[in-house]
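What follows is calculated from the coordinates using simple rules that are stated; it is not laboratory data. Keep in mind it's a predicted model, so treat the numbers as computed, not measured. Note that we place each Cβ from the backbone using ideal geometry, even for glycine, and neighbour counts take in every protein chain shown.
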Amino acid sequence: MISRRTALTGMAAVTATAAGLPSEATTDAGDAVGSGKLTAASGAATVGIPMNRTRAEEILEREGLDALVLGQGINVYHASGFWPLTSRMGHSPNTFAIVTRRKSQPLSLVLPSFTYYYLLADIHRSDDFPAYVYTSPADEEGPDGAPLAAPFALFPDRKAIPLDSVESRRGSLTAFAEKGVGLSADAKLALAKALKDLGLTKARIAVDHQNVHALVTESAPGATLVDADDALRRIRPIKSDHEIALMRRAATNNAEAALAAAYAVRAGASYRDLRNLFYAEAARRGNKGVFMVVDRVSAEQYDAPFRDGQAFLIDAVSEFGGYHGDYGRTIFLGEPTRPMAQAVAAIGTAWDEIRHALKPGMRFSEIGALGQQTLKKLGGNYIVPFGPHSVGLYHTDHVGNAGAAAFREDHVLEKGMILSVDCPLLESGMGGSAHLEDLMLITENGSEPINDVGDQVIII
């Protein structure tokens, strides 16, 4: 039997699984250069593009934009399904996704030759999107006086044994890239070539980073540039089928990990123990921990022991394939105080009312108002925000989510949106803290949870 004075149970060794994109292996080994179309060799994965293209075209049209040129890693991934490793290493942007309103060529990538050879070639196919690859200047110039590109710097083949599938595929893909779109001597020339091919040299383009702004200015001096953040935050809330699949996996794994960690807590364990176990349980399921608020405390440097009779909230966030799960519950370690038990019951009833009412056409303001009305009917004079926010690549991914309330947009729910409604108790002196949160997919006529709603209170 486990004593209530023991710390955490179930802290077994955890093997973390990489959180990757759903992909399908190809069986076509045809990789002949010069055929005009290249199919990835056996073992390669198709690139799953998360971005909702229909939504992107709608927002570009609405905002009067011809294209997005994106250099931040998360934005490149959203547009192309490829997350440049160098962005996670802290490098300045060197891979650029061009998203256009052109249905014939909606996406192009501009990237360094080594990034293509060593990273993208493992998953790229020519029919996914064209890749404009740049190397470095050669010693000679072309007829126009511009420097010619140095060839790909591939790993030399010692020919000691035959190339394996990774080596042969990379060689075939890089050769195709060199003979297809062709190589450029630097990023500016490659981007200029791509923008010219796409008819964007005098376009209205949104960019996401100051370095991207400078590069596009040099590559297409006739273009008009604006910031891309607003457009991206208008695209992201309406998820593609691919994004919804990732969100279902993220939300399920996240909620299961939070529950596994919560049920293991005992008096004498600490906040840090619980948070670390959540991260381990998330990794066990293929998610990567992002944060966990424990009993109103988000600072990971803080630590304190749990005690018998304590009521505390958890707000657990982890991600799968870049997409976030977000899950909140109240934990009772034994019997809670009467005021806390009453507040938690009222919050749960209000959330039930809200989630059954969610549907396209409902406004963010109506969600909070419904929660307040329900509390009032129950006789609960509690401060609970019932704050909605769209969840996806970010914990909060819609536009107008910061600053004074007067500057926030009163968003209208649409099919394909994944919504969280934060229900924390914003009061003290009641014997603890409380929270309730699930992720809901807005459907054609209503909504559905994408994590198991289950019990609203966890009693240990």
- Note on the structure: Length gained, Ala369-Lys415, 0.36 nm per residue minus C-alpha separation, equals 14.4 nm
- In the chain, with Lys and Arg counted as +1 and Asp and Glu as -1 at Cβ, which of these residues, Ile367, Val293, Leu313, has the Cα nearest the positive end of the dipole, that is, farthest along it? Leu313
- Item | R0 of 41 Å, Cβ-Cβ distance Asp352-Asp197: FRET efficiency to nearest 0.05 | 0.15
- Note on the structure: DSSP beta bridges in region 53-235: the antiparallel percent, rounded to 5, is 45
- Task: Using the Karplus curve 6.51 cos²θ - 1.76 cosθ + 1.60 with θ = phi - 60°, work out ³J(HN,Hα) for each residue of region 76-89 in order, rounded to whole Hz, and write x for Gly and Pro.
- Result: 4, 4, 4, 7, 10, x, 10, 9, x, 4, 4, 5, 7, 8
- Message: With an 8 Å Cα cut-off and a minimum separation of 6 or more residues, compute the relative contact order for the chain in percent.
- Response: 15
- Mean Cβ-within-10 Å packing, highest first, puts peptides 447-460, 57-70 in the order 57-70, 447-460
- Query: How high is the relative contact order of region 241-459, given as a whole-number percent (alpha carbon pairs under 8 Å, six or more residues apart)?
  - Reply: 23
- Can you flag which of Lys196/Lys239; Lys193/Lys415; Lys239/Lys377 are past 32 Å Cα-Cα? Lys193/Lys415; Lys239/Lys377
- Note on the structure: Length gained if Leu163 through Ser428 is fully extended, taking 0.36 nm per residue and subtracting the Cα-Cα distance, is 88.8 nm
- Item | Cα centre as origin, Lys/Arg/Asp/Glu Cβ charges: region 77-157 dipole, Debye | 600
- Express as a percent, rounded to the nearest 5, the fraction of DSSP beta bridges in the chain (both residues included) that run antiparallel. 70
- Would you mind working out the magnitude of the charge dipole of the chain relative to its Cα centre, with +1 at each Lys and Arg C-beta and -1 at each Asp and Glu C-beta, to the nearest 20 Debye? 520
- Only helices counted: for the chain, with every DSSP H run of 4 or more residues adding -39500 (n - 2.57) and the sum spread over all residues, [θ] at 222 nm is -9500 deg cm²/dmol
- Could you pull out every residue, at least 5 positions away or on a different chain, whose amide H is within less than 5 Å of the one on Ala149? Hs are placed 1.01 Å off N in the peptide plane, and Pro or chain starts have none. Ala138, Ala185
- Cα pair distances in the chain, grouped into 10 Å bins until the bin that holds the longest one, percent each: 4, 18, 25, 22, 16, 10, 4, 1, 0
- Of the options Thr337, Ser240, His411, report the single residue whose Cα projects farthest towards the positive end of the charge dipole of the chain (beta-carbon charges: Lys, Arg +1; Asp, Glu -1). Thr337
- Which value, in debye to the nearest 20, gives the size of the charge dipole of region 241-459 about its Cα centre, when Lys and Arg are +1 and Asp and Glu are -1 at the Cβ? 300
- Could you tell me which trypsin sites (Lys or Arg not before Pro) in region 257-356 are loop residues by DSSP with no more than 13 other beta carbons within 10 angstrom of their beta carbon? Arg307
- Task: Would you mind getting me the FRET efficiency between Asn381 and Val453? Use the beta-carbon distance for r and R0 = 35 Å, nearest 0.05.
- Result: 0.85
- Message: Among DSSP bridges having both ends in region 241-459, what percentage is antiparallel? Round to the nearest 5.
- Response: 85
